[in-house]
Amino acid sequence: MARSEILNIRRQVLKSALDWVSRDQDRNDRATLARLIIPDGTPRYRCCIHKERAVIEERLKAVLEPDEGPVVRVLKEGCNGCEMHRYSVTDHCQNCVGHFCFSNCPKKAILFINNKAFIDQTRCVECGLCARNCPYHAIIEHRRPCEDSCPTKAISVREDRIASIAEAHCTSCGKCIVSCPFGAVAESSQLVNLFEELRKRSNTVYAVIAPAFVGQFGRKVSPGQVKSALLKLGFKDVLEAALGADRTIELEAQEYDERLAHGKEFMTSSCCPAYVSAVIKEKPDLFHHISTTLSPMAQVAHILKEENPEAKVAFIGPCIAKKEEGKRPETKVDFVLTFEELLVWFDYEGIDPAEEPTQVLTGPSSFAREFSKAGGVAAALSAYLGKDAPPTYQTEGIQNSLKALETHVKNEDKGFLECMACEGGCINGPRTMIARPLAERALKDFVQSANTAQ
């Protein structure tokens, strides 16, 4: 994760919210808290102090009232409006005789000055016909970062130039959040809710951590030290989500055999919530090819609540889309946090995982831990079924995954297709805190380690 002022602001807001509720202050009084975060003085990022506070208030609402609104949301006060013109003419314009740009413009927004085309931005409706018809490709498109990053084109810019998210197409993948240079797209956070749940000490709360956590809290921090730090926060116990992956492998293998018995020879994975959401919203006619097996996160929650129905389960991982998945009652998950939110919590409580003693984590299979990297799910299924394993395929990225699913179905291929929304898998999720090569190396060492406490 690249360092930025957006990251600093986001973490400051989370930490301030924790402090606010720890002092039993009114959650609805976001204006007062915003003034504490942005004191009087010269504005640093916006036109005035009042604008900066308005943006902070929107951020605070996503933290203090996470259920009021979608997981991924535009901070309207924070959106810059991106006063950039979508199309512009470069010096490659040859002032050709054809004038294809002018002839195809429905609004007559193309002008010619000193033997070169120009776009009258007061008339331009950003249809793109001029760019598509220029034989010299002299008209280029400038895409806004949020729009450009969205794989399902769920985010667009309204007439007032403020970004808007179409929930019917949003997969909560988080790419728009990461790409916005103004930090004007944010996700809701259950950090404060979980913090208050642990303060009650009336319920048993378990932490379930995704296998991508290794290396995220420091290169020299062992998995067992992360467990100790979590126990210090007040969790009853800490389990790896990979324990649920072992159950997922077994159930997916059974499901594939059942499908074969009914003449259905192709199935695709269900572990990645952003991918599943993309299929539901963009390719609903192909949804029946997705495995009905619950994700490892949900499997561990089921295991825990089979033993103690009153227990609470908090999943911690690198994924924003898991927050959306966690809302589904069938998952039996009560809270979903990201690694970054956990890091802020550690910092607020003065807990340094590197200084904590090492405790033993109950170890799943090595294949289960590899669910967090691209190709891991398919490899685990092949290893479990051995010589009876079907052909397996793997792809990354939402658009690539949708295209692969469509192609395999069209070709009537047999086998199992693993799809992940994030390139590289969960170890490269939107809320990871280290570079992908470091995460891959840390996971490899973790998988190969015989002693999970090291």
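Checking LYS410 against (1) under 29 Å from GLU282 (Cβ atoms); (2) touching a helix residue (DSSP H, G or I) at 6+ places or on another chain (Cβ under 6 Å), which single condition isn't satisfied?
Answer for LYS410: the failing condition is (2).
In the range 127-144, what residues are surrounded by fewer than 17 Cβ atoms within 10 Å (Cβ to Cβ) and either at pLDDT below 95 or part of a loop (DSSP other than H, G, I, E, B) (or both)?
CYS127, GLY128, PRO135, TYR136, HIS137, ILE140, GLU141, HIS142, ARG143
Consider SER156 carefully, then state whether it is in contact with a Ser or Thr (Cβ under 7 Å, 6 or more places away or on another chain), under 22 Å from ILE280 (Cα atoms), surrounded by fewer than 17 Cβ atoms within 10 Å (Cβ to Cβ) and at pLDDT below 90. Let's see the steps before the verdict.
Details: in contact with a Ser or Thr (Cβ under 7 Å, 6 or more places away or on another chain): yes; under 22 Å from ILE280 (Cα atoms): yes; surrounded by fewer than 17 Cβ atoms within 10 Å (Cβ to Cβ): yes; at pLDDT below 90: yes.
The answer is yes for SER156.
I want to confirm something. Restricting to the range 394-422 and keeping residues that are assigned to a loop (DSSP other than H, G, I, E, B) and in contact (Cβ under 8 Å) with a residue 60 or more places away in the chain, which single residue is surrounded by the fewest Cβ atoms within 10 Å (Cβ to Cβ)?
GLU412
Give just the number: which of (1) at pLDDT below 95; (2) under 25 Å from SER366 (Cβ atoms) does LYS227 not satisfy?
(1)
Out of (1) in contact with a helix residue (DSSP H, G or I) (Cβ under 8 Å, 6 or more places away or on another chain); (2) modelled with pLDDT of 95 or more, what's the single condition that is false for ILE177?
Condition not satisfied by ILE177: (1).
When only residues in the range 188-219 that are among the charged types (D, E, K, R) and within 20 Å of LEU18 (Cβ to Cβ) count, which is surrounded by the most Cβ atoms within 10 Å (Cβ to Cβ)?
Looking at residues that are among the charged types (D, E, K, R) and within 20 Å of LEU18 (Cβ to Cβ), I get GLU197.
Across the range 379-393, what is the total count of residues that are part of a helix (DSSP H, G or I), surrounded by fewer than 22 Cβ atoms within 10 Å (Cβ to Cβ) and in contact (Cβ under 8 Å) with a residue 12 or more places away in the chain?
Looking only at that region, the number is 4.
Looking only at the range 303-315, count every residue that is closer than 12 Å to ALA241 by Cβ and either without any contact (Cβ under 8 Å) to a residue 60 or more places away in the chain or assigned to a strand (DSSP E or B) (or both) and tell me the total. Reasoning before the result, please.
Of the range 303-315, the ones closer than 12 Å to ALA241 by Cβ are 303-304, 313-315.
So of that shortlist, the ones also either without any contact (Cβ under 8 Å) to a residue 60 or more places away in the chain or assigned to a strand (DSSP E or B) (or both) come out as 313-315.
Result for the range 303-315: 3.
Which strands (runs of 3 or more DSSP E) sit wholly inside the range 25-118 and have at least 1 residues that are at pLDDT 95 or above and under 30 Å from ALA321 (Cβ atoms)?
72-74
Without any contact (Cβ under 8 Å) to a residue 12 or more places away in the chain, assigned to a helix (DSSP H, G or I) and not β-branched (Val, Ile, Thr) - does that describe any residue in the range 432-451?
Yes, there is a match, as at least one residue in the range 432-451 is without any contact (Cβ under 8 Å) to a residue 12 or more places away in the chain, assigned to a helix (DSSP H, G or I) and not β-branched (Val, Ile, Thr).
Looking at (1) under 26 Å from LEU385 (Cα atoms); (2) touching a Cys at 6+ places or on another chain (Cβ under 6 Å), which is the one condition that is false for GLY429?
Of (1) under 26 Å from LEU385 (Cα atoms); (2) touching a Cys at 6+ places or on another chain (Cβ under 6 Å), only one is false for GLY429: (1).
Do we find a residue being under 21 Å from LYS227 (Cβ atoms), assigned to a helix (DSSP H, G or I) and either basic (Lys, Arg) or without any contact (Cβ under 8 Å) to a residue 40 or more places away in the chain (or both) anywhere in the range 364-372?
Yes, that holds for at least one residue.
Within the set of pairs 6+ apart or on separate chains, which have a first residue in the range 33-55 that is more than 23 Å from VAL21 (Cα to Cα), a second that is surrounded by 12 or more Cβ atoms within 10 Å (Cβ to Cβ) and of a type in the set (Phe, Trp, Tyr), and C-beta atoms under 9 Å apart?
Close Cβ pairs (under 9 Å, with a partner that is surrounded by 12 or more Cβ atoms within 10 Å (Cβ to Cβ) and of a type in the set (Phe, Trp, Tyr)) amount to TYR45/PHE182; LYS51/TYR45.
Out of curiosity, is LYS327 outside any loop (DSSP other than H, G, I, E, B) and of a type in the set (D, E, K, R)?
Numbers: outside any loop (DSSP other than H, G, I, E, B): no; of a type in the set (D, E, K, R): yes.
No: the conditions fail for LYS327.
For CYS173, which of the numbered conditions (1) crowded, with 18+ Cβ neighbours inside 10 Å; (2) farther than 23 Å from PHE371 by Cβ fails to hold?
If we test CYS173 against (1) crowded, with 18+ Cβ neighbours inside 10 Å; (2) farther than 23 Å from PHE371 by Cβ, just (2) comes out false.
From the list GLY98, GLY69, exactly one residue is among the small types (Gly, Ala, Ser), out of contact with any strand residue (DSSP E or B) (no Cβ under 6 Å at 6 or more places or on another chain) and under 30 Å from PHE195 (Cβ atoms). Which is it?
GLY69
Which condition does THR362 not pass, out of (1) surrounded by 15 or more Cβ atoms within 10 Å (Cβ to Cβ); (2) under 30 Å from GLU196 (Cα atoms); (3) of a type in the set (Val, Ile, Thr), if it passes all the others?
For THR362, the failing item is (1).
Of all residues in the range 333-359 being over 23 Å from LYS15 (Cα atoms) and more than 20 Å from the chain's Cα centre (by Cα), which is surrounded by the fewest Cβ atoms within 10 Å (Cβ to Cβ)?
Ranking the candidates gives PRO357 first.
The values are calculated or read from the model by the stated rules, or taken from the named source; none is laboratory data. A quick note: this is a predicted structure, and the numbers were derived from the prediction, not measured. Neighbour counts run over all protein chains shown; Cβ positions are idealised from the backbone, glycine included.
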